[in-house]
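Enquirer: Before anything else, here's the structure in question.
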Amino acid sequence: MKVKKQTLLVIASIVWMAAGFNIVRIGLITYVNHITVLNILLSIGVFLIFWFLIFSKLVVKHTNRIINYEEKYQLFYKFFDLKSFLIMAFMMTFGILIRTFNLAPDSFIAFFYTGLGAALFLAGILFGVNAWKYREALA
């Protein structure tokens, strides 16, 4: 199924916001018993690290890749390249294993997932902003 390039950015937006929401939700549910100033500062630190070192750059990279596709219509899953799908699969698998086998304390899950999820969610918002921003160029 092929879609317009702008739709790829919308799909990326939805996928990233959904992932971010779910990760933040897990973090906040766990936070209930671990609210401390230190954990809040750690959440902010995790957010800043993931946002500035990874996700903000990833959004720019994938937005540019999508905009520069020569064909107007692309397969719906081309909002990511293979490397990004593999990274996402690794992150999901690792996150599930950490929680399933209790490999990290709840206090870690609370601050780490909240910061990571917020950065993921912001990436989804930025993909949506880019879909709107480049709508005429992608038409």
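Enquirer: I need the helices of the chain that pass two filters: whole DSSP H segments spanning 15 Å or more by Cα along the axis, and mean Kyte-Doolittle score no lower than 1.0.
Expert: Length and hydropathy pass: 5-31, 37-50, 82-100, 106-133.
Enquirer: Averaging sequence separations of C-alpha pairs under 8 Å and six or more residues apart, then dividing by the length of region 40-116, give the relative contact order as a whole percent.
Expert: Details: 27 pairs, mean separation 56.5, N = 77.
So the answer I get is 73 percent.
Enquirer: Further question on the same structure: Counting other beta carbons within 10 Å of each Cβ, put Val15, Val32, Val46 in order, fewest first.
Expert: Ordered by Cβ neighbours within 10 Å, fewest first: Val32, Val15, Val46.
Enquirer: At a 10 Å Cβ-Cβ cut-off, how would you order Trp51, Trp16, Trp132, fewest neighbours first?
Expert: Lowest count first: Trp132, Trp51, Trp16.
Enquirer: Let me ask you something else. At a 10 Å Cβ-Cβ cut-off, how would you order Tyr77, Tyr134, fewest neighbours first?
Expert: Tyr77, Tyr134
Enquirer: Continuing with the same structure: Taking N as the number of residues in the chain, what is its alpha-carbon radius of gyration divided by 2.2 N^0.38 Å? Each step should come with its number before you reach the end.
Expert: Numbers: Rg = 16.4 Å, N = 139, 2.2 N^0.38 = 14.3 Å.
The chain yields a ratio of 1.15.
Enquirer: Now, a different point. A 18 angstrom limit on the alpha carbon distance is what I want to check against. Which of Lys4/Lys83; Lys61/Lys133; Lys4/Lys57; Lys2/Lys57 exceed it?
Expert: Values: Lys4/Lys83 22 Å; Lys61/Lys133 16 Å; Lys4/Lys57 23 Å; Lys2/Lys57 26 Å.
Cα-Cα > 18 Å for Lys4/Lys83; Lys4/Lys57; Lys2/Lys57; rest within.
Enquirer: Computed FRET efficiency, Cβ-Cβ of Ile29 and Glu70, R0 35 Å: what is it to the nearest 0.05?
Expert: 0.20
Enquirer: So, one more: Which listed residue (Asn102, Val24, Ser43) has the Cα farthest towards the positive end of the charge dipole for the chain, taking +1 on Lys and Arg C-beta and -1 on Asp and Glu C-beta about the Cα centre?
Expert: Val24
Enquirer: With +1 assigned to the C-beta of every Lys and Arg and -1 to the C-beta of every Asp and Glu, and no other charges, what is the dipole magnitude of the chain about the Cα centre in debye, to the nearest 20?
Expert: Approximately 400 debye in magnitude.
Readers should treat all values here as calculations from the given coordinates under stated rules, not as data from a laboratory. Just so you know, these numbers come straight off a predicted model, no measurement behind them. Heads up, the Cβs are rebuilt from the backbone with ideal geometry, glycines too, and the neighbour counts pull from every protein chain shown.
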